[in-house]
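Report on one structure; see the data block that follows.
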Number of protein chains: 2
Amino acid sequence: MYVIIVYDVNVSRVNKIKSFLRKHLNWVQNSVFEGEVTKAEFERIKDGISRIIDEDEDSVIIYKFPLDFVPKREILGVEKNPIDDII
Amino acid sequence: MYVIIVYDVNVSRVNKIKSFLRKHLNWVQNSVFEGEVTKAEFERIKDGISRIIDEDEDSVIIYKFPLDFVPKREILGVEKNPIDDII
């Protein structure tokens with residue numbers, strides 16, 4: 001499947017979640033990662049996030065798409081991580 | 001169409017872009033808005049964002065989906081703005 005993950009976590013956990021997600025997905029913008037994952041990887045990612053975040057304070061949204069559905073996107077302003085590098 | 005907008009803008013423009021997007025879309029998390037828009041609204045949103053941001057410094061990603069395709073999502077941790085309120 002294809003996933004987009006956006007997070008809003010306490011500043012004390014930002015580096016931890018960023019370096020964890022970087023191992024599995026492509027960084028596209030501050031607090032946003034995306035990429036293709038298998039079902040097993042997806043479960044590992046969710047487990048890893050759950051272990052890092054404080055569930056009473058932090059928020060992580062995972063948007064899920066079928067593997068063949070890579071969402072269209074438009075960038076306004078700076079492209080922090082050009083699409084060519086990640087797709 | 002259905003859009004998800006994520007932004008990473010200089011702190012001096014955060015309030016401006018947030019209050020602009022709030023008029024058109026639903027706030028779902030820090031720096032993330034989403035919702036259904038017509039093609040005309042979509043163009044107005046892009047124009048408005050372009051007028052607010054500094055294109056050399058800020059970054060806004062707009063993910064676009066067909067109107068009947070509302071992406072599936074999972075929330076880990078806090079649901080900052082419950083789905084029931086926005087969909």
Query raised in the report: Can you list the helices (runs of 4 or more DSSP H) found entirely within the range A:9-87 that contain at least 1 residues being surrounded by 14 or more Cβ atoms within 10 Å (Cβ to Cβ)?
Result: A:11-22, A:39-52
Query raised in the report: Going by the structure shown, is B:Lys23 over 21 Å from B:Arg73 (Cα atoms), basic (Lys, Arg), more than 7 Å from every other protein chain (Cβ to nearest Cβ) and without any contact (Cβ under 8 Å) to a residue 12 or more places away in the chain?
Result: yes
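Take the range A:60-87 and flag every residue that is among the charged types (D, E, K, R) and either at pLDDT below 90 or within 20 Å of B:Ile49 (Cα to Cα) (or both).
Result: A:Asp68, A:Lys72, A:Arg73, A:Glu74, A:Glu79, A:Lys80, A:Asp84, A:Asp85.
The values are calculated or read from the model by the stated rules, or taken from the named source; none is laboratory data. This is a predicted model, so every value here is computed, not measured. Every residue, glycine as well, gets a Cβ built from its backbone with ideal geometry; the counts of neighbours run over all protein chains shown.
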